[in-house]
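Notes to accompany the following structure.
The values are calculated or read from the model by the stated rules, or taken from the named source; none is laboratory data. All values reported here derive from a predicted model rather than from experimental measurement. A quick note on method: Cβ atoms are made from the backbone with ideal geometry, for glycine too, and the neighbour counts reach across all protein chains shown. The accessibility values were calculated without ligands, DNA or RNA, using every heavy atom of the protein model including side chains. Shrake-Rupley method; radii C 1.70, N 1.55, O 1.52, S 1.80 Å.
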Amino acid sequence: MRDSGTASANDVPGSGSEACSTSMSYHAGNIADELLRAVDGDTAYHVSGALDVMLGVADRTGLEPLCSKRRGDLLAALANVEFAVLRIFRLEDQNEVRRSLAAFRTVVECWNEDAHPSARVKIDHERRLRLRWLQNACFNISIIEELAARAAERRASAVGKLKQLGFANG
């Protein structure tokens, strides 16, 4: 089930007063929040959402330097979600998933607080393609899951109506 709530920087571990204060902190918090939600369920939807935030910010402005605390939160969330992500893919796709997760991890690791404040992390073309592949693959799985859930709801409703009319046993 999807949570329509919005993520905030206060919803992620380590986001209190000791957290970094860069403008990227909010976006990094949203990404970490999506990854944490992915572990708890609706993995495909939330991983796609995390990648949407990261790629969207990278496309619009580049990834400004991020403090080590927030970067550590992201890396921990990414490590926690890896098994859940692998579980939703077929065995023959798992090597590509691993390469895409490694690209995600590399981008987060390069999100360096020691960079000059005007520096922006640029995601190279190959990593961008891997991240986009994972985002699209997760999004497609999410759509299939939603279609299946809607079909099950329609079936249950139809069976319920038939039972009310006395056409079904038990």
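Scanning segment 64-87 for residues that are open to solvent by 50 Å² or more (accessible area, probe 1.4 Å) and touching a Cys at 6+ places or on another chain (Cβ under 9 Å) yields 68, 69.
Filter segment 66-91 down to residues that are in contact with a helix residue (DSSP H, G or I) (Cβ under 7 Å, 6 or more places away or on another chain) and closer than 15 Å to residue 29 by Cα and give me whichever is modelled with the lowest pLDDT.
Our first condition is that a residue be in contact with a helix residue (DSSP H, G or I) (Cβ under 7 Å, 6 or more places away or on another chain); within segment 66-91, this holds for 66, 70-71, 73-75, 77-78, 80-82, 84-86, 88-89.
Subsequent filtering for residues that are closer than 15 Å to residue 29 by Cα retains 66, 70-71, 73-75, 77-78.
Values: 66: 82, 70: 88, 71: 89, 73: 91, 74: 93, 75: 94, 77: 95, 78: 95.
That would be 66.
Looking across segment 32-60 at every residue that is over 17 Å from residue 136 (Cβ atoms) and buried (at least 24 other Cβ atoms within 10 Å of the Cβ), the one that is nearest to the chain's Cα centre (by Cα) is identified as 35.
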